[in-house]
Amino acid sequence: MKHFRKISTVVLFLLLGVTAHSQQNDKFYFADTLSNVTKANMFYTMAVDEPDVSERQALLRLSVGHYEKAYNHSQIHTLTDSLDVLIHLANCYAYIDSLNVCTQTLQKAIDLAYTRCGKEIPTYADLLRRIAAICNIAGDYAQAELFLDKCKEHFKQYGTGKYEGFTPQTYTLYLRVRTLNEMAAEREERKRLAQEEKA
């Protein structure tokens, strides 16, 4: 019964927050009741599904603002959470074509991982895979390939056999990024060749 009362209170609080902001755009009104990370994730998810380019950019900028607040105001304490926020930030910057800021944010993530855990643990190796995914989004396929190679090299320290030091989950994620990158690079190469033929 106590558990039910707590849930009811939370739901009521959220509903009151929603009602108070009903005059605002329906995509943004209920965000005030959530943490910065949750808000940022919410805006990012909406941006990915948004077909209108200007609306998508606006949602991504809102997402960036909340990720920056979360990172700068120490709402996050663990290394994993800090890296998640930096990677999401870089991801947003890649989508809104702020590639210079994206690169700086990725470097901040690399420096943080190196300072807190060094290069000798899987967290650092998996960070390289996540950075490769962002390079892919930004269209820098050669750089993504370099990060994927470094990722594989680091994971090899943790074992051999079927997964070459990866866990089954990290190996699947690694292969996914590798495949996406190869497909995108191939697509760009075909486009380039087609343009050369026209010229």
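The values are calculated or read from the model by the stated rules, or taken from the named source; none is laboratory data. Since the structure is predicted, the reported quantities are computational estimates derived from the model, not experimental observations. Cβ coordinates were reconstructed from backbone atoms using ideal geometry, including for glycine residues, and neighbour counts include every protein chain displayed. With ligands, DNA and RNA removed, areas are computed over all heavy atoms of the protein, side chains included. Shrake-Rupley method; radii C 1.70, N 1.55, O 1.52, S 1.80 Å.
Accessible area per residue for segment 41-178 is 52 Å², calculated with a 1.4 Å probe on protein heavy atoms, without ligands, DNA or RNA. Expressed as a whole percentage, what fraction of the accessible surface of segment 38-197 belongs to carbon and sulfur atoms when a 1.4 Å probe is rolled over the protein heavy atoms? C and S fraction of accessible area: 52 percent. Along segment 48-60 the Karplus relation, 6.51 cos²θ - 1.76 cosθ + 1.60 evaluated at θ = phi - 60°, assigns HN-Hα couplings of 4, 8, 7, x, 6, 4, 5, 5, 4, 4, 5, 5, 5 Hz to successive residues, with x for each Gly and Pro.
Among the GluC sites (Glu not before Pro) in segment 106-160, those located in a DSSP loop and surrounded by at most 15 other Cβ atoms within 10 Å of their own Cβ are E120. Karplus-derived 3J(HN,Hα) values for segment 150-161, using 6.51 cos²θ - 1.76 cosθ + 1.60 with θ = phi - 60°, are 5, 4, 4, 4, 5, 5, 4, 5, 9, x, 10, x Hz; glycine and proline are entered as x.
Remark: segment 86-100, residue by residue, has Karplus-estimated 3J(HN,Hα) of 5, 5, 4, 4, 4, 4, 4, 4, 4, 6, 9, 6, 9, 5, 5 Hz, where x stands for each Gly or Pro and the curve is 6.51 cos²θ - 1.76 cosθ + 1.60 at θ = phi - 60°.
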